[in-house]
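Student: Submitted below is the structure of interest, expressed as structure tokens.
The values are calculated or read from the model by the stated rules, or taken from the named source; none is laboratory data. Note that the coordinates shown come from a computational prediction; the quantities given were computed from them, not determined experimentally. Cβ placement follows ideal geometry from the backbone for every residue including glycine, while neighbour counts extend to all protein chains displayed.
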Amino acid sequence: MERLSFDSTVILRNGVKMPRLGYGSAEIAPTVVEQTKIIRDAIDVGYRLIDTASIYHTERAVGQAVKESGICRDEFFISTKIWNNNARKGRKEIIKDFEESLRRLQTDYVDLLFVHWPVQGKLLETWEVMQDIYYAGKARALGLTNVKRHHYLDIMQNCDLYPHVQQDSYNPICRNLYEKIFCENHDIQYEAFLPIIRGRVNQMPELKQIADNHNKSVIQIVLRWDLQSGVCTIPRTANKEHMVSNADIFDFELSDKEMEIINGMNREEETNWDTENFNF
């Protein structure tokens, strides 16, 4: 298999390079000052894909941390999302929300722009506005989060562009295979959020045995499994030591048998909010 490293990327359908391992910035700290320090730590460790969203209230910290790092903006891959309330209000609010995101991020473009949730009756309008943003050069790629196959089909049958990236649950007990296989067949890159299920993987004995075999932590095993499965992954943590540990997954490889064991743990247990029924 391909030799993986911290610098490994995937090439999206439109030729844009996206890091395989990134950093998720949701719920990391209550204040911008604290958030900025944490994200600076992630940058110092070597993370260049940084995932944020307006509802996370970390965009300002991401922008400030990137600025303070002294590293060229083009070396980062920043993703953000259109929030539900703005999608419900229509085109003007979507554009306003996006422009506010750019201002907070201190940038004139993002590398990846997501629909955060598929607001009923508003998905196509939201996607059409995002297409305009893409064609204007203010987003290098577009993606969907928290969606089902019929959401893809609505877009693919009615819009010019179909998604470059799908971000959703992917972990040992919920592989979302129905969606992942669809993405693979349509050249849509799959990206895992909450890959360690807020630490639940540490209680799974099958993973503990594999971790012991490699003298690694269970979390390192799961993140390595993500990458060997062709899935990009964005673990989050506010602890710099954990950031380092999460990135220390390139000096070993899971065997075919170990991959089979982890794959066999899947029971498609729902680990996300109900994407068809939500009121936020």
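Student: Please determine, by comparing only the residues of the stretch 48-60 that are touching a helix residue (DSSP H, G or I) at 6+ places or on another chain (Cβ under 7 Å) and not in a helix (DSSP H, G or I), which one is surrounded by the fewest Cβ atoms within 10 Å (Cβ to Cβ).
Tutor: Here the residue is Arg48.
Student: In the stretch 202-245, which residue that is assigned to a helix (DSSP H, G or I) and in contact (Cβ under 8 Å) with a residue 60 or more places away in the chain is surrounded by the most Cβ atoms within 10 Å (Cβ to Cβ)?
Tutor: Among residues in the stretch 202-245 that are assigned to a helix (DSSP H, G or I) and in contact (Cβ under 8 Å) with a residue 60 or more places away in the chain, the one surrounded by the most Cβ atoms within 10 Å (Cβ to Cβ) is Leu223.
Student: Let me ask you something else. How many residues, within the stretch 133-182, are within 30 Å of Ile210 (Cβ to Cβ) and of a type in the set (Val, Ile, Thr)?
Tutor: Residues flagged as within 30 Å of Ile210 (Cβ to Cβ) and of a type in the set (Val, Ile, Thr) within the stretch 133-182 amount to 4.
Student: Quick check on Gln106: is it modelled with pLDDT under 95 and out of contact with any strand residue (DSSP E or B) (no Cβ under 8 Å at 6 or more places or on another chain)?
Tutor: No: the conditions fail for Gln106.
Student: On to the next question. Looking at the stretch 1-44, which of its residues are surrounded by 15 or more Cβ atoms within 10 Å (Cβ to Cβ), of a type in the set (D, E, K, R) and either in contact with a Ser or Thr (Cβ under 8 Å, 6 or more places away or on another chain) or closer than 14 Å to Arg224 by Cα (or both)?
Tutor: Across the stretch 1-44, the qualifying residues are Arg20, Arg40.
Student: Does the stretch 148-166 include one or more residues that are in contact with a strand residue (DSSP E or B) (Cβ under 8 Å, 6 or more places away or on another chain), assigned to a strand (DSSP E or B), crowded, with 19+ Cβ neighbours inside 10 Å and of a type in the set (Val, Ile, Thr)?
Tutor: Within the stretch 148-166, one or more residues are in contact with a strand residue (DSSP E or B) (Cβ under 8 Å, 6 or more places away or on another chain), assigned to a strand (DSSP E or B), crowded, with 19+ Cβ neighbours inside 10 Å and of a type in the set (Val, Ile, Thr).
Student: Return the residues of the stretch 1-16 that are among the charged types (D, E, K, R) and free of Cβ contacts under 8 Å to residues at least 60 places away in the same chain; say none if nothing qualifies.
Tutor: Of everything in the stretch 1-16, those that are among the charged types (D, E, K, R) and free of Cβ contacts under 8 Å to residues at least 60 places away in the same chain turn out to be Glu2, Arg3, Asp7.
Student: Follow-up. Taking the condition assigned to a helix (DSSP H, G or I) and crowded, with 16+ Cβ neighbours inside 10 Å, does Ile133 pass?
Tutor: yes
Student: If you scan the stretch 1-24, which residues turn out to be at pLDDT 95 or above and assigned to a loop (DSSP other than H, G, I, E, B)?
Tutor: Leu4, Ser5, Phe6, Asp7, Ser8, Leu12, Arg13, Asn14, Gly15, Val16, Arg20
Student: Here are some residues: Ile210, Ile197. Which one is touching a Ser or Thr at 6+ places or on another chain (Cβ under 6 Å) and farther than 24 Å from Asp44 by Cα?
Tutor: Just a single option satisfies the conditions, and that option is Ile197.
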